[in-house]
1. Full-extension gain between R57 and K88, please, as 0.36 nm times their residue separation minus the C-alpha to C-alpha distance.
2. With a/c under 1.5 counting as rounded, go ahead and sort the stretch 7-111 into rounded, prolate or oblate using the C-alpha gyration tensor (a ≥ b ≥ c being the square roots of the eigenvalues; past the cut-off, prolate if a/b is larger than b/c, else oblate).
3. Starting from 0.36 nm per residue, how many nanometres of slack lie between S3 and K36 once their C-alpha separation is accounted for?
4. Considering only Cα-Cα distances, which of the following residue pairs are longer than 21 Å: K41/K88; K17/K86; K62/K88?
5. Arrange the following residues from fewest to most other Cβ atoms within 10 Å of their Cβ: T48, T94.
6. With n ≥ 4 as the cut-off for DSSP H runs, can you work out [θ] at 222 nm for the chain, using -39500 (n - 2.57) per run divided by the number of residues, rounded to the nearest 500?
7. What shape does the stretch 59-114 have by the C-alpha gyration tensor, where a ≥ b ≥ c are the square roots of the eigenvalues, rounded means a/c under 1.5, and otherwise prolate means a/b greater than b/c and oblate the rest?
8. Sort 57-67, 35-45 by the packing proxy (mean of other Cβ within 10 Å over each peptide's residues), most packed first.
Amino acid sequence: MFSKIDTVHILVRDLEKAHHWYEEILELEQVFNSGKYLVFKIGVGESTLTIQAGEVRPSSIKPILFSDALEETQLKLLEKGVEVGKIKEDEDVTYFEFYDLDGNGFEVCEYIPL
């Protein structure tokens, strides 16, 4: 029925500020600008991240990004002033959480593929 996740959609208060933050802080590549929303490529996968101005609401949905250098990624985000949580372990997965300018939560994980 479904072949992939197309995009993760996140609402932000100020599209211009968020645009800069996602490009400069998260180092994501913008691949589309509709004038109303922006789409960013994440790494080598096909799925994207879309941001759009709107009323930011707390969500139980949290995008999980993969890094093969978890500690370095955490330090890089900290150096850029991002609100970052402690590194935690859950069985074979190591991860931490961080938040964007509007409090939207993300998780970064690292694991050894089987």
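1. Values: separation 31, 0.36 × 31 = 11.16 nm, distance 2.59 nm.
Gain on stretching R57 to K88: 8.6 nm.
2. Details: a/c = 1.72, a/b = 1.59, b/c = 1.08.
Cα axes put the stretch 7-111 in the prolate bin.
3. Details: separation 33, 0.36 × 33 = 11.88 nm, distance 2.64 nm.
That pair, S3 and K36, stretches by 9.2 nm at full extension.
4. Correct reply: K41/K88; K17/K86.
5. Working: T48 20, T94 17.
The fewest-first ordering by Cβ neighbours comes to T94, T48.
6. On the way: 2 runs with 20 residues, N = 114.
Rounded to the nearest 500, it is -5000 deg cm²/dmol.
7. On the way: a/c = 2.22, a/b = 1.34, b/c = 1.65.
Oblate shape, in that a/c is at least 1.5 and b/c is the bigger or equal ratio.
8. Details: 57-67: 11.6, 35-45: 13.9.
Going from most to least packed, we get 35-45, 57-67.
Since every read-out is calculated from the coordinates, none of them should be taken as a lab result. In this text the structure is predicted, and so the values were computed from the model without any measurement. Reconstructed Cβ throughout: ideal geometry from the backbone, glycine too, with neighbour counts over all protein chains shown.
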